[in-house]
Amino acid sequence: MSLLIHNVTLAPGSPDHVVPRGYVLIQGDRIAAIGAGTPPHNLAADQVLDAAHKVLLPGLVNAHTHLEQTFMRGYSANRSLLDWLKNYIWKLQAAMDVDDVRLATTLGLVEAMRGGATTVVDHHKVPFSARHTDVVLQAAQALGVRLVLARAWADRGTNAESPASILADLARLFSEWQGMANGRIHIANGPLVPWRCSPETLRQTTALARRHGAITHCHMNETQAEVAMTLRETGLRPIEWFASLGLLGSDFHAVHAVWLSDQEVALLAEHGATVIHCPAANMILASGVAPIARLLSPQPAGPVRSVNVALGTDGPASNDGQDMLEVMRLTAYLQRVATLDPQAMAPGQVIALATANGAHATGSPCFAVGDKADLVLLDFDAAHIQPVGDVWASVVYNARGSDVDTLIVDGQVLMRDKRVLGLDEAALIAECRERAAHLARRSGIA
Ligand SMILES: [Zn+2]
């Protein structure tokens, strides 16, 4: 199969390379040609898409969410992080059966796709059976989206698992799922938070992940209270403690990283780790403002390099949405406010966090000839976008998830004309509405 998208504005990777009118040819699962102007006459394709007034971007990488929380929207209002987790989220998660997880995840993935994501990192914490996890992977496989399932775990505190069970399930997932669906499925190690994980299991799971070339993905330094807990217990701040355990590396994702010391910033840079910034969740839970502009600047303390920063929505329970275009806009606004500098984040830099940096952190493709074709087409023919002064600024400041017109993963068209293909979305929403109400009653929340 081949697809030619022409008459389109190309925004492949940097503001210098915006092509006002160009074309892309996809053959099989890869980008075969990119060019400016009209496609050559000898460029034949099975399908041709005229994309006038549309902008083609690399697929967006939603580098942190919790898809099962699609059934847990709205509980975060006026609650602290720890109150919200202990009295709502962990109770609801504990009561979810396999069908709840399947439906919540499917709806969550549909929402993420509608928000422009071609890759989703799901920090998945429903540890009751292999089936609770497998339905998530099956849902991604059926929809066609690229998924990194970070198998979350905690071997201390509420709903703790034994280290043996965590390691066995992680090994099973690597053996049964790693690289499935033409390489669209990846498994990662997902310790939940430092204060709920023992050092020995952290070391063992990270070693297992490294044997499979996989990532370790953990919430780090989200609130001041959490930093204080780790400091009291270990004498070190969370990033320092993880560094002392040998966990930091280019395969490490520090999710949130709101409260960082200079020493922790230097450690993240030195090890080539990625910070996953989730501005909506940080604002909703009043966690604070992550120092993104500072992380992206060269670090004076170590080798002169910046920290790789990618973007995530976080779960629907602490964001209430999965719109990566909104996350880009919030990232730009929040850094301006925090630094009092209107130039703190240029639109092109924000887009890079959601595309190239996210792809770097998750091993996803970007936008070049020969790469796997993961692309998103935004409809710019809208009252809140036209007329366009600057393409990159319009993507960050004007476009919304509802402008995602076409989504392509691995060369397959998953969304077209703002419809997710191969799915009765209205029936899915109706079923989810009913199941979520049952779940709230069963868990004693409603
Ligand atoms: Zn999270």
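Brief remarks on what is shown
- Carbon/sulfur fraction of accessible area - the chain, other protein chains in place, 1.4 Å, %: 52 percent
- Where 75, 23, 333 fall by accessible area, highest first, once all protein chains stay in place (1.4 Å): 333, 75, 23
- Taking only the alpha carbons of segment 16-80, we obtain Rg and Dmax values of 19.7, 61 Å in that order.
- Label point distance in nm, residue 381-residue 48, each placed 7 Å from Cα along Cα→Cβ: 1.7 nm
- The loop-placed trypsin sites (Lys or Arg not before Pro) in segment 290-397, going by DSSP, that have at most 12 neighbouring Cβ atoms within 10 Å of their Cβ come out as 305.
- Of the residues 260, 340, 107, the one that moves most in a GNM of the chain with alpha-carbon contacts below 10 Å is 340.
- Within the listed set 417, 341, 251, the Gaussian network model of the chain (springs between alpha-carbon atoms below 10 Å) gives the highest mean-square fluctuation for 341.
- Cα convex hull of segment 107-161, projected area averaged across orientations, nm²: 4.0 nm²
- Set of aspartates and glutamates with alpha-carbon distance to residue 91 below 12 Å, sequence-local pairs under 8 removed: 83
- Considering only beta bridges that DSSP places wholly inside the chain, some 45 percent are antiparallel.
- Ratio Rg/Rh [Cα only; Rh per Kirkwood] for the chain: 0.96
- Largest to smallest accessible area among 241, 259 [probe 1.4 Å]: 259, 241
- Largest-first ordering by accessible area, 1.4 Å probe, given options 91, 125, 54: 91, 54, 125
- Calculated accessible area for segment 261-370 comes out at 34 Å² per residue, all protein chains present (probe 1.4 Å; ligands, DNA, RNA ignored).
- Dipole magnitude of the chain about its Cα centre (Cβ charges: Lys, Arg +1; Asp, Glu -1), debye to nearest 20: 520 debye
- Here, P(r) means the percent of Cα pairs in each 10 Å bin from 0 to the largest distance; for segment 1-155 it is 10, 30, 25, 17, 14, 4, 0.
- For the chain, the longest principal axis of the C-alpha atoms and the axis of helix 199-211 are separated by about 30°.
- Computed label-point distance, nm, for sites residue 225 and residue 306 using a 7 Å Cα→Cβ extension: 3.3 nm
- GNM result for the chain, Cα springs below 10 Å: residue of 429, 89, 26 fluctuating most strongly: 429
The values are calculated or read from the model by the stated rules, or taken from the named source; none is laboratory data. Predicted, not measured: the structure shown is a model, and the values here were computed from it. A quick note on method: Cβ atoms are made from the backbone with ideal geometry, for glycine too, and the neighbour counts reach across all protein chains shown. Surface accessibility is based on the protein's heavy atoms, side chains included, excluding ligands, DNA and RNA. Shrake-Rupley method; radii C 1.70, N 1.55, O 1.52, S 1.80 Å.
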